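Any read-out appearing in this document is the output of simple, stated calculations on the displayed coordinates, not a laboratory observation. If you're wondering where the values come from, they're calculated on a predicted model, not measured in any experiment. Cβ placement follows ideal geometry from the backbone for every residue including glycine, while neighbour counts extend to all protein chains displayed.
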Amino acid sequence: MISIDELASYCKRRGFVYPSGEIYGGLSGFYDFGPLGVEMKNRIKQNWWNEFVKNEENIVGLDGSIITNPKVWEVSGHTENFTDPIITCTKCNKEYRADHVIEDVLKISTDGLDVKALNKLIRENKIKCSNCKKEFSNTKVFNLMFETSVGAESENKAYLRPETAQLIFANFKNVYENSRLKLPCGIAQIGKAYRNEIRPRNFLFRVREFEHMELEFFINPNKKNDCPRLQEVEDLEISVYTQEMQEKKLKHKKMSIKECVKKGVMKNKWQAYWNARMCKWYLSLGINPKKLRLRQHLKKELSHYAEDTWDVEYQFSFGWKEIAGNANRGQFDLKQHEQFSKKKMSVMDDDKKVMPYVASEPSLGVERAFLTLIVDAYTQEKERIVLKLSPKIAPVQIAVFPLVNKEELPEKSRQIFELLKNEFQTFYDASGSIGRRYRRQDEIGTPYCVTIDYETMEDNTVTIRDRDSMKQWRENVNELITVLKPRLK
Ligand code: GAP
């Protein structure tokens, strides 16, 4: 598997991702997306939106503001609880996340350990700063929200939102009424989120500015297990890593969603349903199922608002890591906002007033999804690098080439390019040897290349080349869209 540093330099070389402000040395945890990166990122977001909002009858969208009334974050618990443990080197003043340092040095999991326990581990194991080998300060908590001020009076403190979810809760009543929603229903959002991570690392995996794609799914609290849609996904088989397996130091186990519900491993059917939907979304984009698993949070690891949480994890070169989360937030957020805003959040269902219950919160970062999809697709073959991206998210779907850039071939190629570009993400390239052009497209994940040659001028056929098999065949230009459309879905 490609190392994360090699991947970062490949992404820069190919115009996917650049360190932000690189001409001045960059800024840790911030990245800019280049021409191919922005196409791929937009396609990931569009695909997620189609899948989780557009194609769903009872799920609607929202686009909340990045800065909102700071009371939102106080009431949600973020001002008090959205923290990570920080240690500082007593000599060079470098800051580290205490849990990450311990995990790196001792190769153990620190999930759920509090500040005191982390401190003890650092002292007992004499863990020192990797930079200058000096001792660390005591572990402290550090709030990850970026602070800013609003207007000319600097005491008007506000925060850049650390998640999109709270804007959904704060707007719940407006959206529910305006859209004439009925439980069970969902509200989704894609937008920027900011976290002042102590030590961003692993390229796009942990960044300070990212885009969140979140869905809050509301149900009637008296119908927690009334989930008629479970049968749509219950046959999905996936590796599952329960609390019990982790506590007993067992390995994860392949189970069907049906089995997970039946055995009580997933206690809430709606959460099980959305766990499956999140995995199915990744699988539909071609992710290797062997590198995907569902891991349940340990009790001591749960966020302050969560009753039960499942993460979708991917096996990176740096270990199994969360690529999406799905918390059962219960009634925590709506109850909090009702209490402190004095605005009613309950709704009518079956002629009874109920406080909606968030059984499920599928939540992921676009950058982390982007990284996972690229890592999984990156393939080093004997003679070439090929990015086996799903055509659904490849930044270019078809590249059109005239075999040579002379006589009538460029004009015919341009006509074909115009024809295809109305339907697909299409790119035109007339320079360099044909072999080089194929290789260049392989490296950026273009599923098909269409080459126009002298035979085209005689019989109106072109060569289509398949990225993965490198097989080539001829097709009539009039048939191109019909032939390529189902392959690019
Ligand atoms: N509203 C719930 C929530 O925010 P989370 O587990 O903190 O839950 C959910 O985040 C997802 O957001 C993660 O699975 C990850 O995909 C993404 N994410 C969180 N922090 C991130 C960061 N610093 N960099 C990139 N992605 C991040």
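Restricting to segment 396-488, what percent of DSSP beta bridges are antiparallel, rounded to 5? In segment 396-488, approximately 55 percent of DSSP beta bridges are antiparallel ones.
With 28 Å as the limit on Cα-Cα distance, the pairs of 263/388; 45/94; 134/321; 41/485; 54/485; 45/157 that go past it are 263/388; 45/94; 134/321; 45/157.
Taken about its Cα centre, the chain carries a charge dipole of about 1500 debye when Lys and Arg each add +1 at the Cβ and Asp and Glu each add -1 at the Cβ. When only Cα pairs below 8 angstrom with a gap of at least 6 residues are kept, segment 201-312 shows a relative contact order of 26 percent. Rounded to the nearest 20 debye, the dipole size of segment 396-488 about its Cα centre is 380 debye, using +1 on the Cβ of Lys and Arg and -1 on the Cβ of Asp and Glu. What FRET efficiency, computed as 1/(1 + (r/R0)^6) with R0 = 45 Å and r the Cβ-Cβ distance, is obtained for residue 67 and residue 383, rounded to the nearest 0.05? The pair residue 67/residue 383 has a calculated efficiency of 0.30. Estimated purely from DSSP H runs of n ≥ 4, each contributing -39500 (n - 2.57), the mean residue ellipticity at 222 nm for the chain is -9000 deg cm²/dmol once divided by its residues.
Mind checking the angle between helix 409-421 and the chain's longest principal axis? C-alpha axes, 0 to 90 degrees, to the nearest 10. It is inclined by approximately 30 degrees. Label zone of residue 155 (point 7 Å out along Cα→Cβ, amide N under 14 Å): in segment 65-96 this covers no residue at all. Of the trypsin sites (Lys or Arg not before Pro) found in segment 245-354, the ones in coil according to DSSP and having at most 13 other Cβ atoms within 10 Å of their Cβ are 248, 249, 251, 263, 342, 343, 344.
Taking Cα atoms only, the orientation of helix 366-377 departs from the longest principal axis of the chain by about 50 degrees. Of the GluC sites (Glu not before Pro) found in segment 376-470, the ones in coil according to DSSP and having at most 16 other Cβ atoms within 10 Å of their Cβ are 381, 383, 407, 408, 423.
Contact order, relative form, for segment 396-488: 29 percent (alpha carbon pairs under 8 Å, 6 or more residues apart, mean separation divided by residue count).
Footprinting exposure proxy ranking of 304, 297, fewest other C-beta atoms within 10 angstrom first, gives 304, 297. A DSSP coil position with no more than 10 other Cβ atoms inside 10 Å describes the following trypsin sites (Lys or Arg not before Pro) in segment 382-466: 382, 406. Computed about its Cα centre, the charge dipole of segment 26-179 is approximately 860 debye, with only Lys, Arg, Asp and Glu carrying charge at their Cβ. Of the residues 86, 478, 165, the one whose Cα sits farthest towards the positive end of the charge dipole of the chain is 86 (charges of +1 on Lys and Arg Cβ, -1 on Asp and Glu Cβ, taken about the Cα centre). Ignoring aspartates and glutamates fewer than eight residues from residue 12 along the same chain, the ones with Cα atoms less than 20 angstrom from its Cα are 22, 32, 39, 209, 211, 367, 376, 442, 443.
Counted by neighbouring Cβ atoms within 10 Å, the residues 153, 103 run from fewest to most as 153, 103. Given R0 = 22 Å, the distance between the Cβ atoms of residue 343 and residue 303 translates into a calculated FRET efficiency of 0.35.
Relative contact order of the chain: 13 percent, from C-alpha pairs under 8 Å at least 6 residues apart in sequence.
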